[in-house]
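As structure tokens, the structure follows; a few thoughts come after it.
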Amino acid sequence: MSSIHNPYLPEIGTVIKIIDETPNIKSFQVVLNNPEKMKNFTFEPGQVGQLSLFGVGESTFVINSPPTRMDYLQFSVMKAGEVTSALHELAEGDQIGVRAPLGNWFPYAQMKGKQILFIGGGIGLAPLRTLILFMLDQRADYGDITIIYGARTPNDLCYKDELKEWEERSDVNMILTVDNEFPGWDKRVGLVPNVLKEVAPSPENTVAITCGPPIMIKFTLQALSELKFKDDQIITTLEKRMKCGIGICGRCNIGTMYVCKDGPVFSLTQLNELPAEL
Amino acid sequence: MADTGFLPKENLPALLEALSKKFAVFAPVLDGEVVLFKRFAPGATLCLTRPANLPPKGIIFPQSETLFNFNFKKDPEDPKKTSLELKENLDFVPTIIFGSRPCDAQGFRIYDRVYLETDTADPYYKGRREKTTIITLACNAPSPGCFCTSVGRGPAESDGSDLMMTELGKGYFFEPMTEKGKEIFKDSLFEDGSAYKEQAQKAHERVSALVKKPFAILEGTPEKLLSLFENSQFWEGETAKCISCGACTYLCPTCYCFNITDEQVGNSGERIRSWDACMFFHFTLEASSHNPRQNKHQRLKNRVGHKFSYYPKKYQGVIACCGCGRCIRYCPMSVDISEIVAHAQGA
Ligand code: SF4
Ligand code: SF4
Ligand code: FES
């Protein structure tokens, strides 16, 4: 191989574990085959990677294991298109290409000492998971942590084991909800933005980080503004169709911003400055 | 050695033949009714009287190229196991683009900011770009649709070129702009050019004055276009004729977008990148079937916006349009980007 860094050339990794999260979401734990590269791999919470299946193509996913736990890199994949369907066919031990880390990250340094409010829907918990685990691993640096998470049905909730752990922790305020009544479900029922309004967290010294389907984001942003959160207290992540992941191929722009490189993490203040093209 | 040169027209084939010994030389030749950059071979009919139909961008940024090969190998010890091997090819040959036009060479400068002047430089572009010398012919008349002077450039602009040439009567006046250009210029076929310098200068000024100016100044245009972003009525009007064929972007010396796809036969295959364009519906189509640029007016708005608003805002006011006029000359529906910009300025 040449010595010039080739940003298009993936590292080969091995899928060491596959977890069925929901009927259409699987998590893949990946270790780079080159032990030196795995040992030296660094990234920041919120950064993404391109997973490659050679012969099929690449697709972008957030690294949802935190940089504080580097035994493997975890990616969660919802079955939707060609690449994600092929990823769902993988077995433990299979080889996969990884181009990572790409993009920007959550401004966690500015969140130290603040109350943190996570609001997630469905697979939108993936990027939040990275930051939640990262913060829990350095718990003393942050104030109260509240997590509001919802999905269509209880079966559609991701990371079920961790949700249970977080519910049991006294230093996390965990609020789970599903869209409709469901046999055996004894927690909240209602859409995430409505539950957010019921819980009504104070904006005082708080940062809200939200990720989920576009419609949930839309109403969550409205709810946050009703709760008097200011735009620069709200952080979200964007998704766009991507190819190169390094700001060159031109595919993922919103005005002057390339989501792959300047994002995926944006504050609402930044988003409001961009042309409305989501 | 003189710092400018002169080459009688009859010596041009000899120069190209001499250069062909050391470089892969690409020059504009007539192919049926169109002028295309092709590998120069002795006896080829050069066509230097009008700009090539396709700019030479494909010589540095091929329409389709292999990023790497992949190969699945069965483990002879354990046939259930396969290993995976990736192989990239970053070897490029010394190349000359001969007879580029100033706008065509400018196109590579637009690329450079995106492909080279970043922390993740593109090794394929970089490899070819560094090994390529660009010899540019100043235009001696504008073609229909040309508007280079309106976008801060001109028919004798030398930025992006290594060696400039100007047609003067019986021969060509040459002026090297870079070290690479000086290398070429060392060839013994060149005569001293100092006597022609003033004449060349006059020719440049004469042609420059002939180029049409659809808009006088561009100041404020990036902001103006942004302020029109949500005015769909304006964009729908401007786009009414467009059929989203993408020809304008393929013919554009500055359009640099690409797609990445895999092709596999048996146990091996390649990852390929190919030109792509924001004029296509699929460009931004997401797996969820959501498409932020569902309608053709949103796509044309991105093309105009990228060239005249987003790129200049990102790169110190440089407009990502070199004014070559190809999209205007060859659009099957006669959509004219210079008119759209002028309308936007007046809207
Ligand atoms: S502007 Fe013209 S060349 Fe470009 S996509 Fe539309 S019809 Fe095709
Ligand atoms: S975004 Fe559109 S106008 Fe800009 S370089 Fe890509 S294809 Fe050309
Ligand atoms: S994915 Fe290529 S520019 Fe963002």
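The values are calculated or read from the model by the stated rules, or taken from the named source; none is laboratory data. Fair warning: this is a prediction, and the values are worked out from it, not measured in the lab. Because the Cβ atoms are built from the backbone with ideal geometry, glycine has one as well, and the counts that use them run over all protein chains shown. For accessibility, only protein heavy atoms count, side chains too; no ligands or nucleic acids. Shrake-Rupley method; radii C 1.70, N 1.55, O 1.52, S 1.80 Å.
Residue by residue, here is whether (1) at pLDDT below 95; (2) open to solvent by 90 Å² or more (accessible area, probe 1.4 Å); (3) not small (Gly, Ala, Ser) holds:
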| site | (1), (2), (3) |
| --- | --- |
| B:Met164 | no, no, yes |
| B:Gly169 | yes, no, no |
| B:Phe173 | no, no, yes |
| B:Met177 | no, no, yes |
| B:Ser188 | yes, yes, no |
| B:Ser194 | yes, no, no |
| B:Lys197 | yes, yes, yes |
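For a quick check of your reading: which strands (runs of 3 or more DSSP E) sit entirely within the stretch B:2-104 and have at least 3 residues that are closer than 29 Å to B:Tyr256 by Cα and over 20 Å from the mean Cα position of the chain (by Cα)?
Strands (runs of 3 or more DSSP E) meeting the threshold: B:64-74, B:82-88.
Within 14 Å of chain B (Cβ to nearest Cβ), modelled with pLDDT of 95 or more and at positive phi: is that true of A:Gly190 in this structure?
Considered against the rule, which asks whether it is within 14 Å of chain B (Cβ to nearest Cβ), modelled with pLDDT of 95 or more and at positive phi, A:Gly190 comes out as no.
Can you find even one residue in the stretch A:20-34 that is touching a residue at least 40 places away in the same chain (Cβ under 8 Å), under 23 Å from B:Pro123 (Cα atoms) and of a type in the set (D, E, K, R)?
The answer is no, given that none of the residues of the stretch A:20-34 is touching a residue at least 40 places away in the same chain (Cβ under 8 Å), under 23 Å from B:Pro123 (Cα atoms) and of a type in the set (D, E, K, R).
If we scan the stretch B:269-291, do we find a residue that is in contact with a Gly (Cβ under 7 Å, 6 or more places away or on another chain), away from ligand 2 (no atom under 13 Å from the Cβ) and at pLDDT 95 or above?
Yes: one or more hits.
Which numbered condition in (1) modelled with pLDDT of 95 or more; (2) more than 16 Å from ligand 1 (Cβ to nearest atom) is the only one that A:Gly250 fails?
Looking at each condition in turn, A:Gly250 falls short on (2).
Among the listed residues A:Lys243, A:Lys261, A:Lys218, A:Lys228, identify the single one that is open to solvent by 60 Å² or more (accessible area, probe 1.4 Å) and within 15 Å of ligand 2 (Cβ to nearest atom).
On inspection, the qualifying residue turns out to be A:Lys261.
Among A:Pro127, A:Pro66, A:Pro107, which is the only one that is out of contact with any strand residue (DSSP E or B) (no Cβ under 9 Å at 6 or more places or on another chain) and more than 14 Å from every other protein chain (Cβ to nearest Cβ)?
Testing whether each residue is out of contact with any strand residue (DSSP E or B) (no Cβ under 9 Å at 6 or more places or on another chain) and more than 14 Å from every other protein chain (Cβ to nearest Cβ) leaves just A:Pro66.
Go through the stretch B:258-295 and give me each residue that's more than 7 Å from every other protein chain (Cβ to nearest Cβ), crowded, with 18+ Cβ neighbours inside 10 Å and more than 20 Å from B:Ser232 (Cβ to Cβ).
B:Glu270, B:Arg271, B:Arg273, B:Trp275, B:Asp276, B:Ala277
Here are some conditions: (1) in contact with a strand residue (DSSP E or B) (Cβ under 8 Å, 6 or more places away or on another chain); (2) within 14 Å of chain A (Cβ to nearest Cβ). B:Asp192 meets all but one. Which one does it not meet?
The one condition B:Asp192 does not meet is (2).
Keeping to the stretch B:222-247, report how many residues are assigned to a helix (DSSP H, G or I), open to solvent by less than 20 Å² (accessible area, probe 1.4 Å) and within 16 Å of ligand 1 (Cβ to nearest atom).
Residues flagged as assigned to a helix (DSSP H, G or I), open to solvent by less than 20 Å² (accessible area, probe 1.4 Å) and within 16 Å of ligand 1 (Cβ to nearest atom) within the stretch B:222-247 amount to 2.
Looking at the stretch A:221-237, can you tell me whether even one residue there is more than 9 Å from every other protein chain (Cβ to nearest Cβ) and on the phi > 0 side of the Ramachandran plot?
Within the stretch A:221-237, one or more residues are more than 9 Å from every other protein chain (Cβ to nearest Cβ) and on the phi > 0 side of the Ramachandran plot.
Select from the stretch B:194-231 the residues that are in contact with a Lys or Arg (Cβ under 9 Å, 6 or more places away or on another chain) and among the aliphatic types (A, V, I, L, M) and list them in ascending order.
Once the filter is applied, which keeps residues that are in contact with a Lys or Arg (Cβ under 9 Å, 6 or more places away or on another chain) and among the aliphatic types (A, V, I, L, M), the stretch B:194-231 yields B:Leu225, B:Leu226, B:Leu228.
Among the aromatic types (Phe, Trp, Tyr), open to solvent by 20 Å² or more (accessible area, probe 1.4 Å) and closer than 25 Å to B:Arg129 by Cβ: does that describe B:Phe61?
no
Quick grid of which residues meet (1) open to solvent by less than 40 Å² (accessible area, probe 1.4 Å); (2) farther than 20 Å from A:Tyr159 by Cβ; (3) within 14 Å of chain B (Cβ to nearest Cβ):
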| site | (1), (2), (3) |
| --- | --- |
| A:Pro10 | yes, yes, yes |
| A:Ile18 | yes, no, no |
| A:Glu21 | yes, no, no |
| A:Phe41 | yes, yes, no |
| A:Ser52 | yes, yes, yes |
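Taking the conditions exactly as written (open to solvent by 60 Å² or more (accessible area, probe 1.4 Å), over 21 Å from the mean Cα position of the chain (by Cα) and not acidic (Asp, Glu)), does A:Lys79 satisfy them or not?
In short, no.
Which pairs turn up if I take residues in the stretch B:81-101 that are closer than 18 Å to A:Val98 by Cα and at the interface with chain A (Cβ under 9 Å from one of its Cβ atoms) and look for partners that are surrounded by fewer than 14 Cβ atoms within 10 Å (Cβ to Cβ) and among the hydrophobic types (A, V, I, L, M, F, W, C) with beta carbon separation below 8 Å, at least 6 apart in sequence or on another chain?
Within 8 Å, the pairs are B:Glu88/A:Met1.
If you take the residues of the stretch A:239-252 that are touching a residue at least 12 places away in the same chain (Cβ under 8 Å) and within 11 Å of ligand 3 (Cβ to nearest atom), which of them is nearest to A:Ile116 (Cα to Cα)?
Within the stretch A:239-252, the match that is nearest to A:Ile116 (Cα to Cα) is A:Lys240.
I'd like to verify a number: residues in the stretch B:69-82 that are open to solvent by less than 60 Å² (accessible area, probe 1.4 Å) and in contact with a Lys or Arg (Cβ under 9 Å, 6 or more places away or on another chain), how many?
Within the stretch B:69-82, residues that are open to solvent by less than 60 Å² (accessible area, probe 1.4 Å) and in contact with a Lys or Arg (Cβ under 9 Å, 6 or more places away or on another chain) number 3.
Would you mind stating whether B:Glu33 is away from chain A (no Cβ under 14 Å) and open to solvent by 10 Å² or more (accessible area, probe 1.4 Å)?
yes
For the stretch A:234-265, enumerate the residues that are touching a Pro at 6+ places or on another chain (Cβ under 6 Å) and of a type outside the set (Ser, Thr, Tyr).
Those that are touching a Pro at 6+ places or on another chain (Cβ under 6 Å) and of a type outside the set (Ser, Thr, Tyr): A:Leu238, A:Ile246, A:Gly255.
Can you find a residue in the stretch B:120-139 that is assigned to a loop (DSSP other than H, G, I, E, B), more than 14 Å from chain A (Cβ to nearest Cβ) and under 30 Å from B:Pro214 (Cα atoms)?
Looking for residues that are assigned to a loop (DSSP other than H, G, I, E, B), more than 14 Å from chain A (Cβ to nearest Cβ) and under 30 Å from B:Pro214 (Cα atoms), one finds at least one in the stretch B:120-139, hence yes.
State whether one or more residues within the stretch B:246-257 are more than 19 Å from the chain's Cα centre (by Cα) and at pLDDT 95 or above.
Within the stretch B:246-257, none of the residues are more than 19 Å from the chain's Cα centre (by Cα) and at pLDDT 95 or above.
Has the stretch B:275-282 got at least one residue that is without any contact (Cβ under 8 Å) to a residue 12 or more places away in the chain and more than 16 Å from ligand 1 (Cβ to nearest atom)?
no
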